[in-house]
Structure formats: C-alpha cells, structure tokens
Amino acid sequence: MGIAENCLMPLPATIQQIIPETSDVNTYRVTLDDPEAMANWRNRPGQLAMMSLFGAGEAMFSISSSPTQRDYLDFTIRKAGVVTKALHSLEVGGKIGIRGPYGNGFPYELMKGRDVLFVGGGIGLAPLKSLVELMLDDQHRADFGKIEILYGARSNDDLCFKQAVLEEWPKRPNCEVWTTIDRAEDTWKGHVGFVPAYLEEVAPKGEGKIAVLCGPPIMIRFVLIGLEKLGFKNELIYSTLELRMKCGVGKCGRCNIGHKYVCLEGPVFNLIQIKELPPEF
Amino acid sequence: MSNKTITRDQLATLLDRLVEKNRVIAPVSDNRGVVRFGEIQKAGDIAWGFDQAKVPAKSHFLPQTEELYRYDTSGGELKIEPVPPPRPAVIFGLHPCDLKAVAALDPVFDGAFKDVYYLNKRERTVIIGLSCRKVLPTCFCRSYGIEPTDGQGADLMLTEAGDGYYVEILTPKGEALIRDNAPLFSDAGVAEGRRAKDALAGELAGQFQLNVDLTGVKAKVDTMFEHPYWQELARKCLGCGICTYLCPTCHCFDIIESHSGHRGCRLRCWDSCMFADFTLHTSSHNPRSTKKERVRNRFLHKLSYHDERYGLAGCVGCGRCIAECPVNIDITQIIADIEEVD
C-alpha cells in the first residue's frame, strides 16, 4: 500500500525558508520531498494541513500561502506547545511531515463579483492571507470588487506579515488596509485600539459585502456583533473555527461541535451555520 | 449454499485448523479473569461458556494501541515506512450487539477519507457470530431492535443446538470458509437446528429485564443542549472513561509518538471524550472544560450525533457501560429521564 492511499501517513517534507514574523512566530516555507506529490498538491484557501515533527507529534495548521503559489506551502506558526517548540528548534533543511489538505476552506467562488472585508487578529491573519493573496493575484483580481483588510494585534511585535500588510497590500489597486495594535507604543505611529472598536470606527458599509474573519475567540465574538450592526448579512459573514484535532479526517472524534466535525465540515462556517451550532467552541 | 450444522468437537477442530493460516480472535479470559477478544493458538484457549466479553470486539478492528507507521530520521534524512498489512483473520464469538456495533463503526472509518488500518482488517476478517445463551440483567439490545440471535453483520452465525451448533451462512465470505472446510460441517439436523434457534429466540425475548422506549428520544435530546439535567448528571460522574473504553461503538483515538533516538513510530490509542485534555487547546482554551460538557457530549453522541451523521444508532444496548460504571450511571435511566424532563 502506497503512502498516498493512507490518509493518516504524512509525506516527507523539507523546510526551505524560515521567515520571522514576530518574536515568537515564524513562517515556515515547506516543500514536499516527492516532486510529483508537490506538483499534485492542491489546496483551497483556508484549508488545513497536519504537520508532523518526528519525536514530538502532529498538530494542525492553516496553510498561509496562496493556492496560486504552487511551488511551496507556507505555515505561520507561533511557538506555543510541544510540536511548535520542536518546529521552532529546526533550521532550514529540517525534515518534517505533511498530510492534507483538510477542511472545506473559504468558498471564494461564492464571493465573486462582491466587495470583501477581511478582519484578522494576531496570528489569525494566516488563513486569511491565503485568500487575500488569491484574490489579489492577477489571474483572479478582476473576479472580486474592493478588498478591505482590518488587521490588529496586541503589539507592534505581534503583527504578522508586516511586509504585506504595511507595504504591499495598501499599494494594490482597489485595496484598503487598516492596522491597529491594542496599546500605544513609541515605535507605532498607527491606530491604537482593539479590533472590534476599530471596526466600529472605520464602519465599512456592510450592504452586499462579504466579511471574512479569523482571530482569537473573544475578537470573533465582538466582531460578529459589530458586523451585524454594520448591515453585513449573516450568510455573507464567514469565520473559521479552531478545535483540537488529531486525525483531521473525521474519525478521532475530538473536533466535533454537536454532530459536525470541524476538520470535515469546517473550519470555515458562515454566521447562519455558526448560529445553528451548539455553543461549544 | 444451504445452512449447516457443526458439532462442538468439529468446531474446535475448525478453529484449530484456522489458526494455521489466520489470526484467530475469540473471547479469552486474561490473567485477572476478564473476558476480552484476544488471539488464540488453539480452540482450548477460548473462554467457552462466556456470557459477554467485557471488552468488545472493536478491539480487533480498532486495537487499543495500534502502530500506524515507523520513521527514521538518522543522518538528517527522513524515511517513513508503512507497517505490514494485517494477516487474514477470523473473529469468533460476537454476539448480536457486537455485530451491530461493528456495522455502526464501518461508516466512521470509511467515507471520503478511508482509514486503511480499520478497513483492511475488516476486509481480511471473517466474522463468526454466536447467538446469546442468556440475557444479562444489563442487556437492552432488544430496545434497539436487535434480537439476541440476530446474525446481521456476521459472515457465519452460530447458535447452540443440541450437542453442536446450527450454522447460518450469511455472506460469500462465510460460504468460502465453509467450502474450504466442508468435511467439518454437516447437512444433518439443519431443520432441528432452525427450530432450536427459533425456540431460543422466543425464550430469550422474554428474559429482558431492561427495556427502554426510544421513540422520540433523539428529537427530544436534540432540544436539550442547554438543559440543567446535564449538570445534575455530571455531579455523579467521576469522569473515569470506562464507559467509553468498553463501549463497542466509541471510536475516539489519540495519535502518539514512541521513539528512541532517531527511530520511532506513531501509535494510535483509544482516547475518551470524558477526559479534560481531550479537547484542550494549546492556548489553554477548552470547549468542553467541565464534566457537564463532557457528559453531555457522550450521551448526545450515543443518542443523537452518531445517528445524525451516519443514520445508525450510536448505542446497541450491550449494557457494558451500565455493568461497569463505578457510580451506576445507567444509560437506560438517562433515556427514561430524557423522556420525562420538561
């Protein structure tokens, strides 16, 4: 039986580049060792992959690179637990395992022809970045209307993808970016305040617009309230939900919310679906 | 192929012969007298006369600990090696509740993502079911529409009749086993065997002490997520997880690491939704942080979620959780309570 037929067996992969994002977050640029597997890899924006650190274990991460980028996969990962500490101890050339992709990803086909607002908090920008970059890609840009991005983090240091957020994205046509940090710092000249409050201040018009969000649970809760006030329709608000996972394929039984498995039916849900879920996430 | 009979001695001969080319799994008594499904070397190893194996037959298809693959990271390289495919197996002695439980697990491990570990064992295992000889005080399979002589899910179904067994041939796999061992089976006494089975079925149907009415239970429990009942129930529960380990339809697992130096393997081990760290995030957030959420999850899984996902009941009425719960939490009482509470 080949590796490809076994959904629990990882594919060998190599870290090609490590891009520091914050003092405890790096983006790991990874390629699958088997060139054919790399060429055949397809993922949707917002999908997940299980990363294996041999000697430490496995953990699920969103893929932060755009699906239009076919040469590598990016994972933006905070040093936090056993697996991520082992990952952060590796250098370029380090060997890891990858299996996936898992989950539904963002339904970007349904977003065509519309303006899109992204709201991200901290490392929660990682899954959104895969969709932002797909939409900003020349081959897809004409399919979408105005792209607005509201991004915040606890501090200047905690802002991820600074090059993209502060330099590249704001220069793209029909793309507006607002950034904020929670508390004032000498090094920060921009806006200060929590993401939900900044959203209220910026007050983007919700009519007919898609909203896509990812961030800590507390941010998501208040942003959802804010978006409804701004007139965003429930079915046009998409959020990702995060639960602990072991298999990623709907068998190990731990990422359920009610009868839904987040690894299969999620991690992306619209607000109508979220409201139908029992409040256990 | 028409049904057969087999004598006790010939059944022992059959199992002894099957051991030569197969793993043969049957109820065995371990060194503490606990009956569980384990590999036998000869028919004499079987705990003949067992009423119910305490550990269900899922332990064959989803072992408590199972190696998934091996790896070697020496020299900065990475090699991942699959484990060898499972040997052909024959599992003997599943009662109807355990047969039904295997059917309930099948769609979990099949589907868009196929679990080759489970499915290969399913594919390469012949299941020989065995009708119950008596109904235990904790049995309530009949409430789930299962009769203690039902062969559904077995390749061959055996029922004690006279000095031997009445053998029903239910699938091509069962037929092949009979064909390969034809001289051990007989056409004599088939009609008597059939009558003995019918008589046993009638007798056992009258022995049930536990009966529950499941009408409307799923619909009711689906409205009870926020009900204070779960808090009340959680106060009694110790969170030990024995109900999940012995439940024939519980399938939750963890994937863990075992390594020494550069070489290691990944293992999957039974896990339990009754444990606090089951859903604990690295961030320390926990969606099921107290026993209330965990107890609720278990019973909603048994009484609603499994059915909702797969169209099959998540409980088969085997009664193991009732028999082994250290604080006497009884799912039949919970079903009755669900019907009662406002």
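The values are calculated or read from the model by the stated rules, or taken from the named source; none is laboratory data. All values derive from a computational prediction rather than experimental measurement. Ideal geometry is used to build each Cβ from the backbone, glycine not excepted, and the neighbour counts take in all protein chains shown.
Looking only at residues in region B:297-314 that are touching a Pro at 6+ places or on another chain (Cβ under 9 Å) and not small (Gly, Ala, Ser), the one that is nearest to the other protein chains (Cβ to nearest Cβ) is B:Arg309. All told, A:Leu277 meets the bar of being more than 7 Å from every other protein chain (Cβ to nearest Cβ) and either at negative phi or surrounded by fewer than 23 Cβ atoms within 10 Å (Cβ to Cβ) (or both).
This table checks each residue for (1) within 28 Å of B:Asn328 (Cα to Cα); (2) not hydroxyl-bearing (Ser, Thr, Tyr).
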| residue | (1), (2) |
| --- | --- |
| B:Ser74 | no, no |
| B:Ala89 | no, yes |
| B:Ser131 | yes, no |
| B:Phe140 | yes, yes |
| B:Thr159 | no, no |
| B:Gly164 | no, yes |
| B:Ile169 | no, yes |
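Please verify whether B:Asn286 is part of a helix (DSSP H, G or I), within 10 Å of another protein chain (Cβ to nearest Cβ) and either farther than 18 Å from A:Cys252 by Cα or not hydrophobic (A, V, I, L, M, F, W, C) (or both), treating the condition exactly as stated. Considered against the rule, which asks whether it is part of a helix (DSSP H, G or I), within 10 Å of another protein chain (Cβ to nearest Cβ) and either farther than 18 Å from A:Cys252 by Cα or not hydrophobic (A, V, I, L, M, F, W, C) (or both), B:Asn286 comes out as no.
For A:Val249, the conditions (1) assigned to a helix (DSSP H, G or I); (2) under 30 Å from B:Ala219 (Cβ atoms) all hold with the exception of (1).
Matching residues to (1) in contact with a Ser or Thr (Cβ under 8 Å, 6 or more places away or on another chain); (2) more than 14 Å from every other protein chain (Cβ to nearest Cβ); (3) modelled with pLDDT under 95; (4) over 30 Å from B:Ser304 (Cα atoms):
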{"site": "B:Thr65", "(1), (2), (3), (4)": "no, yes, no, no"}
{"site": "B:Leu68", "(1), (2), (3), (4)": "no, no, no, yes"}
{"site": "B:Asp72", "(1), (2), (3), (4)": "no, no, no, yes"}
{"site": "B:Ala89", "(1), (2), (3), (4)": "yes, yes, no, yes"}
{"site": "B:Pro96", "(1), (2), (3), (4)": "yes, yes, no, no"}
{"site": "B:Ala101", "(1), (2), (3), (4)": "yes, yes, no, no"}
{"site": "B:Asp106", "(1), (2), (3), (4)": "no, no, no, no"}
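For region B:179-197, the set of residues classified as more than 14 Å from B:Ile169 (Cα to Cα) and more than 28 Å from the chain's Cα centre (by Cα) consists of B:Pro183, B:Leu184, B:Ala188, B:Gly189, B:Ala191, B:Glu192, B:Arg195, listed by residue number.
Residue under question is A:Arg78, and the condition is that it be among the charged types (D, E, K, R) and closer than 15 Å to A:Thr27 by Cβ; does it hold? Against the criterion (among the charged types (D, E, K, R) and closer than 15 Å to A:Thr27 by Cβ), A:Arg78 qualifies. Only residues that are free of Cβ contacts under 8 Å to residues at least 40 places away in the same chain and not charged (D, E, K, R) were counted across region B:332-342, and they come to 1. Cβ separations smaller than 6 Å between residues 6+ apart or across chains give the following pairs from region B:304-317 residues that are under 18 Å from B:Asp150 (Cβ atoms) to residues that are aromatic (Phe, Trp, Tyr) and surrounded by 21 or more Cβ atoms within 10 Å (Cβ to Cβ): B:Gly317/B:Phe140.
State whether the residues of region B:137-150 include one that is of a type outside the set (D, E, K, R), under 30 Å from B:Cys265 (Cα atoms) and touching a helix residue (DSSP H, G or I) at 6+ places or on another chain (Cβ under 8 Å). No: region B:137-150 contains no residue that is of a type outside the set (D, E, K, R), under 30 Å from B:Cys265 (Cα atoms) and touching a helix residue (DSSP H, G or I) at 6+ places or on another chain (Cβ under 8 Å). Residues of region A:229-243 that are in contact with a helix residue (DSSP H, G or I) (Cβ under 7 Å, 6 or more places away or on another chain) and either part of a strand (DSSP E or B) or more than 21 Å from A:Ser62 (Cα to Cα) (or both): A:Asn234, A:Glu235, A:Ile237, A:Ser239, A:Thr240. Checking each residue in region B:202-238 for being under 22 Å from the mean Cα position of the chain (by Cα), surrounded by 14 or more Cβ atoms within 10 Å (Cβ to Cβ) and part of a loop (DSSP other than H, G, I, E, B) picks out B:Phe208, B:Leu210, B:Val212, B:Leu214.
Yes/no per residue for (1) within 7 Å of chain A (Cβ to nearest Cβ); (2) closer than 23 Å to B:Ala234 by Cβ:
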residue: B:Thr244; (1), (2): no, yes
residue: B:Glu257; (1), (2): yes, no
residue: B:Leu267; (1), (2): no, no
residue: B:His281; (1), (2): yes, yes
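Taking the numbered list (1) under 28 Å from A:Lys260 (Cα atoms); (2) hydrophobic (A, V, I, L, M, F, W, C); (3) away from chain B (no Cβ under 14 Å) in turn, A:Phe61 passes all entries but (3).
Look at (1) touching a residue at least 60 places away in the same chain (Cβ under 8 Å); (2) at positive phi; (3) surrounded by fewer than 22 Cβ atoms within 10 Å (Cβ to Cβ) and you find that A:Gly193 fails only one, number (1). Of the numbered criteria (1) facing another protein chain (nearest Cβ under 10 Å); (2) surrounded by fewer than 16 Cβ atoms within 10 Å (Cβ to Cβ); (3) in a loop (DSSP other than H, G, I, E, B), the one B:Asp277 fails is (3).
B:Thr249 - would you say it is of a type in the set (S, T, N, Q), in contact with a His (Cβ under 8 Å, 6 or more places away or on another chain) and within 12 Å of another protein chain (Cβ to nearest Cβ)? So B:Thr249 passes the test.
Evaluation of A:Asn104 against the conditions (1) among the polar types (S, T, N, Q); (2) in contact with a Leu (Cβ under 9 Å, 6 or more places away or on another chain); (3) touching a residue at least 60 places away in the same chain (Cβ under 8 Å); (4) within 22 Å of A:Pro20 (Cα to Cα) shows that the sole unmet condition is (4). B:Tyr144 passes every criterion in (1) under 30 Å from A:Pro278 (Cα atoms); (2) over 23 Å from the mean Cα position of the chain (by Cα) apart from (2).
If you check B:Lys173 against the conditions, is it among the basic types (Lys, Arg) and either free of Cβ contacts under 8 Å to residues at least 24 places away in the same chain or assigned by TED's automatic domain parsing to the domain that holds B:Cys318 (or both)? Considered against the rule, which asks whether it is among the basic types (Lys, Arg) and either free of Cβ contacts under 8 Å to residues at least 24 places away in the same chain or assigned by TED's automatic domain parsing to the domain that holds B:Cys318 (or both), B:Lys173 comes out as no.
Let's see how each residue does on (1) farther than 30 Å from B:Asp110 by Cβ; (2) among the polar types (S, T, N, Q):
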site: A:Glu5; (1), (2): no, no
site: A:Ala13; (1), (2): no, no
site: A:Gln16; (1), (2): yes, yes
site: A:Thr22; (1), (2): yes, yes
site: A:Val25; (1), (2): yes, no
site: A:Asp33; (1), (2): no, no
site: A:Ala39; (1), (2): no, no
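Name the residues in region A:27-57 that are of a type outside the set (A, V, I, L, M) and buried (at least 23 other Cβ atoms within 10 Å of the Cβ), would you? Within region A:27-57, A:Tyr28, A:Pro45, A:Gly46, A:Ser52, A:Phe54 qualify. Could we say that A:Leu73 is of a type in the set (A, V, I, L, M, F, W, C), more than 30 Å from B:His262 (Cα to Cα) and within 19 Å of the chain's Cα centre (by Cα) here? Criteria not met by A:Leu73.
Once region B:79-123 is narrowed to residues that are small (Gly, Ala, Ser) and touching a residue at least 40 places away in the same chain (Cβ under 8 Å), the residue that is surrounded by the most Cβ atoms within 10 Å (Cβ to Cβ) is B:Ala101.
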